[in-house]
Amino acid sequence: MASKKSRNDQLSFTPPPPTVADVEAQAVSLFTRKAYLDYSMYVILDRALPNIADGLKPVQRRIIYAMSELGLSATAKFKKSARTVGDVIGKFHPHGDSACYEAMVLLAQPFSMRYPLVEGQGNWGSPDDPKSFAAMRYTESRLTKFSQTLLSELEQGTVEWGQNFDGTLREPKLLPSRLPHVLLNGASGIAVGMATDIPSHNVREVVGACLELLDNPEATLAQLTKHIKGPDFPTDAEIITPPSEIRDIYKTGGGSIRQRAKWETEDSDIVITALPFQVSGSKVMQQIAAQMQAKKLPMVEDLRDESDHENPTRIVIVPRSNRIDVDELMTHLFATTGLERSYRVNMNMIALDGRPKLFTLKDLLLEWLEFRIETVRRRLQHRYDQVNARLHILDGYLIAYLNIDEVIRIIRREDESKSVLMKRFKLSELQAESILELKLRFLNRLQEMEIRGEQAKLAEERANLEKILGSKARLRKQVRDELVRDAEEFGDKRRSPIVEREAAKALDATALIPSEPVTIILSERGWVRAGKGHDLDPAALQYKGGDAFLHAAKGRSNQLALFIDSSGRTYSLPAHELPSAKGHGEPLTSSLTPPPGATFVAVMMGEPDDLWLLSTDDGYGFVCRLEEMMTRLKAGKSVVNVGNGASVLRPQRVTSFDADYVAAATTEGKLLLFNVNELPQLGRGKGVQTIKIHKTPIAPEKVVATAVVPQGGTLVVNAGKRFTNLKGADLDPYIGKRAQRGLKLPRGFQNVDSIRAWSERERNGGAELVM
């Protein structure tokens, strides 16, 4: 029974959960914060930002070093790019091959790098499409001569070395740059919380500023900018940023640089010969062509790309005529296309202490010179140690030469010849080892004169090195002399001239629209369309069922068409955007939002300063400038205050404010003419009384229509199917003062339907049709 109970106890026993000693409990917020910060620092330090010392990102540094290890110097044969990429990602940079190859392509493109570090053979892209390069299995590459400014001192004890990603190889942490590459080729990159955009500069100018600081560490920014005028892009386009703004960029480490295409005229044609940095000629062509298709460049007749190997950039713009202002045209293109471009400047980089920092120009050069002076010091110290080691060995060789027979006897007879030689001749272990490793065939060369000659040369070199290493002034002079030599060898003329230009300004939209004659037709139901020319007969056009012609206006395609509705609100639409008269058009309500119940009355076109008579059928009116009625609002602009039960009459153009007459006809057959200048000029309002009418409650009198009769013009009165022309002396009886009752029209014409005025100018093709 007891055994059964113990067995049950064993079955019911639950062992405790396993514990691991190194498991750490941590809050999710703390863990994610630390993980994000670690990732951020990795991106900043190991991927996105260049180092101030050699101006390279890690992937670029590893590509250059791997190519040097492959023996791909400037004088070597080209090798397949795939070989280089394989070595880089297999030995030093365990990332994607395409990303590595793209970084290598960037180092080889002369239109991307001011001083390319890789020389390519094959298709390495083009300025039009930098990413159109061939696959790495097709292209070949080697280092350029300029890359030696990064590599020539690599094996001379100048930089620290570290293990590669798997610990099997060594790689340099930095390259011993002889020139400030971070300024010469610039850099761009986006990290976490920061970015870098450093433009390229000219070797001679940058070295000149370095020499200024070596001679005078307290040099001001003004003194430095005498040497460094500004960035120098790998293109001949002009830098148009004012020098004062460039100095501000160098003072703060941030700002923007503007570059503009270079152009000239050839036989009235505009020829663009240089584009801004990283601007594609084909995209510029597309931008200009798009404006031409949208009829926004009426002054351009043709566009051609005549670029070839001899002329990498040659875009020809053909103006429509010799009267086109090419300066104004180019200013517009600079503002609306890639012919002018701004580049952000943000001089963030990894400082010598390993931390990211935003540098000013002076701080950057001073810190790089600190790196360069230390690099030269380490190189000279390394050489000094080598000279001392060689002299030490030569001392041993001289002892061996003077005691050659004894040395040979010891080597032949003694088992521990090394220790015996050291004891017998008081040699160091290094000297004894060198003597033992010496081949017999070189014994005849161990002549005393040769050894002493080499000793003398090395002793002289050692003394010179001791002087330089023992004096800061001599060390700085050594750095200075080397910078001068490199500037003479690798320096070139500035490519991007710095020129002060006026700011680019796009032309007004109306100036870009072709000025062609158009007729705007408005139907009774508010449908609108635009026909080409002024010879169009609006009444002869086809209309939708139940619809008919209402009003039309003549103008130009680059003008606004203004519409007025029965509530006194005006609306504006560009004439060139209205639908073609080949169809029925479109309802105005699809573009505008008039108040409920309002109907469109008329359409107006003309110049902004044109005067128009605005009136209502309850006998009020005023004169208004066309510009005062223009608006961009879809809901329109309230211009005429319309009384209860009244509506707006069709507006009439005023050609002469002092000479024209206003004609007003009423439903009672009354007609009154008075001078236009008796009406006020208002921007909006009700106006004043034009003609006195009887406002009876049963059938109130209304103004049928108004018209503006020019001096010497004719007034046409329509009454049913009958009409009469009144001109000259026929109009005199009806002329009076504003707000008078007027005079009755002759019998048969008192039931007025409409009145209109015309002159000989309008008969021969005026700007407005009044029907």
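The values are calculated or read from the model by the stated rules, or taken from the named source; none is laboratory data. Bear in mind that the values here come from a model prediction, so they are computed numbers and not experimental data. We place every Cβ from the backbone using ideal geometry, glycine too, and count neighbours over all the protein chains shown. Surface accessibility is based on the protein's heavy atoms, side chains included, excluding ligands, DNA and RNA. Shrake-Rupley method; radii C 1.70, N 1.55, O 1.52, S 1.80 Å.
Could you grab me the full set of residues in the range 677-728 that are closer than 18 Å to Phe749 by Cα and free of Cβ contacts under 8 Å to residues at least 40 places away in the same chain?
Once the filter is applied, which keeps residues that are closer than 18 Å to Phe749 by Cα and free of Cβ contacts under 8 Å to residues at least 40 places away in the same chain, the range 677-728 yields Glu701, Asn718, Ala719, Gly720, Lys721, Arg722, Phe723, Thr724, Asn725, Leu726, Lys727.
Go through the range 91-119 and give me each residue that's open to solvent by less than 40 Å² (accessible area, probe 1.4 Å) and in a helix (DSSP H, G or I).
Result: Phe92, Cys100, Tyr101, Ala103, Met104, Val105, Leu107, Ala108.
Please go through the range 365-414 and give me each residue that is touching a Ser or Thr at 6+ places or on another chain (Cβ under 6 Å) and of a type in the set (S, T, N, Q), ordered by number.
Once the filter is applied, which keeps residues that are touching a Ser or Thr at 6+ places or on another chain (Cβ under 6 Å) and of a type in the set (S, T, N, Q), the range 365-414 yields only Thr375.
Hey, can you tell me all the residues within the range 576-594 that are more than 18 Å from Phe549 (Cβ to Cβ) and either crowded, with 21+ Cβ neighbours inside 10 Å or not small (Gly, Ala, Ser) (or both)?
His576, Glu577, Thr589, Leu592, Thr593, Pro594
If you go through the range 712-737 one residue at a time, how many are under 25 Å from Trp612 (Cβ atoms), of a type in the set (Gly, Ala, Ser) and either part of a strand (DSSP E or B) or in contact with a His (Cβ under 7 Å, 6 or more places away or on another chain) (or both)?
The number of residues fulfilling the criteria is 0.
Within the range 460-492, which residues are in contact (Cβ under 8 Å) with a residue 40 or more places away in the chain and either exposed (fewer than 12 other Cβ atoms within 10 Å of the Cβ) or outside any helix (DSSP H, G or I) (or both)?
Gly491, Asp492 - these are the residues of the range 460-492 that are in contact (Cβ under 8 Å) with a residue 40 or more places away in the chain and either exposed (fewer than 12 other Cβ atoms within 10 Å of the Cβ) or outside any helix (DSSP H, G or I) (or both).
Return yes or no: is Val284 within 19 Å of the chain's Cα centre (by Cα), of a type in the set (Val, Ile, Thr) and within 25 Å of Ala511 (Cβ to Cβ)?
yes
Would you point out the residue of the range 295-311, among those that are touching a Leu at 6+ places or on another chain (Cβ under 9 Å) and part of a loop (DSSP other than H, G, I, E, B), that is surrounded by the most Cβ atoms within 10 Å (Cβ to Cβ)?
Leu297
Filter the range 320-346 down to residues that are over 19 Å from Phe277 (Cα atoms) and either open to solvent by 40 Å² or more (accessible area, probe 1.4 Å) or of a type outside the set (A, V, I, L, M, F, W, C) (or both), then give me how many there are.
Total satisfying the criteria: 9.
Checking Arg653 against (1) under 57 Å from the mean Cα position of the chain (by Cα); (2) modelled with pLDDT of 90 or more; (3) not hydroxyl-bearing (Ser, Thr, Tyr); (4) not in a strand (DSSP E or B), which test does it fail?
Of everything listed in (1) under 57 Å from the mean Cα position of the chain (by Cα); (2) modelled with pLDDT of 90 or more; (3) not hydroxyl-bearing (Ser, Thr, Tyr); (4) not in a strand (DSSP E or B), Arg653 misses just condition (4).
Have a look at Thr235, Thr220 and point out the one that is among the polar types (S, T, N, Q) and under 20 Å from the mean Cα position of the chain (by Cα).
Unique residue meeting the criteria: Thr235.
Give the residues of the range 61-80 that are open to solvent by less than 30 Å² (accessible area, probe 1.4 Å) and out of contact with any Lys or Arg (no Cβ under 6 Å at 6 or more places or on another chain), sorted by residue number.
Scanning the range 61-80 gives Arg61, Ile63, Ile64, Tyr65, Ala66, Met67, Leu70.
Provide a single number: the residues in the range 536-560 that are crowded, with 20+ Cβ neighbours inside 10 Å and within 13 Å of Phe600 (Cα to Cα).
Number satisfying all stated conditions: 3.
Restricted to the range 642-656, and to residues that are within 16 Å of Leu679 (Cβ to Cβ) and out of contact with any strand residue (DSSP E or B) (no Cβ under 6 Å at 6 or more places or on another chain), which residue is least open to solvent (accessible area, probe 1.4 Å)?
Ser656
Among (1) without any contact (Cβ under 8 Å) to a residue 60 or more places away in the chain; (2) of a type outside the set (Gly, Ala, Ser); (3) surrounded by fewer than 16 Cβ atoms within 10 Å (Cβ to Cβ), there is one condition Arg47 misses while meeting the rest; what is its number?
All conditions pass for Arg47, except number (1).
For Glu760, only one of the following conditions fails: (1) at pLDDT 90 or above; (2) open to solvent by 20 Å² or more (accessible area, probe 1.4 Å). What is its number?
(1)
Suppose the filter is assigned to a helix (DSSP H, G or I), more than 20 Å from Thr196 (Cα to Cα) and not charged (D, E, K, R); does Val59 pass it?
No, not satisfied.
Restricting to the range 6-62, what's the tally of residues that are modelled with pLDDT of 70 or more and not hydrophobic (A, V, I, L, M, F, W, C)?
The number of residues fulfilling the criteria is 22.
So which residues in the range 352-379 are at pLDDT below 95 and crowded, with 17+ Cβ neighbours inside 10 Å, if there are any at all?
Selection gives Pro356, Lys357.
Are there any pairs, at least 6 apart or on different chains, whose C-beta atoms fall under 6 Å, with the first in the range 300-312 and more than 14 Å from Glu266 (Cβ to Cβ) and the second part of a loop (DSSP other than H, G, I, E, B) and open to solvent by 100 Å² or more (accessible area, probe 1.4 Å), and if so, which?
Glu301/Arg320
Would you tally the residues in the range 715-728 being small (Gly, Ala, Ser) and at pLDDT below 90?
2
Just to verify a result, which residue in the range 524-570, among those that are within 37 Å of the chain's Cα centre (by Cα) and in a strand (DSSP E or B), is nearest to Ile755 (Cα to Cα)?
The selected residue is Ala561.
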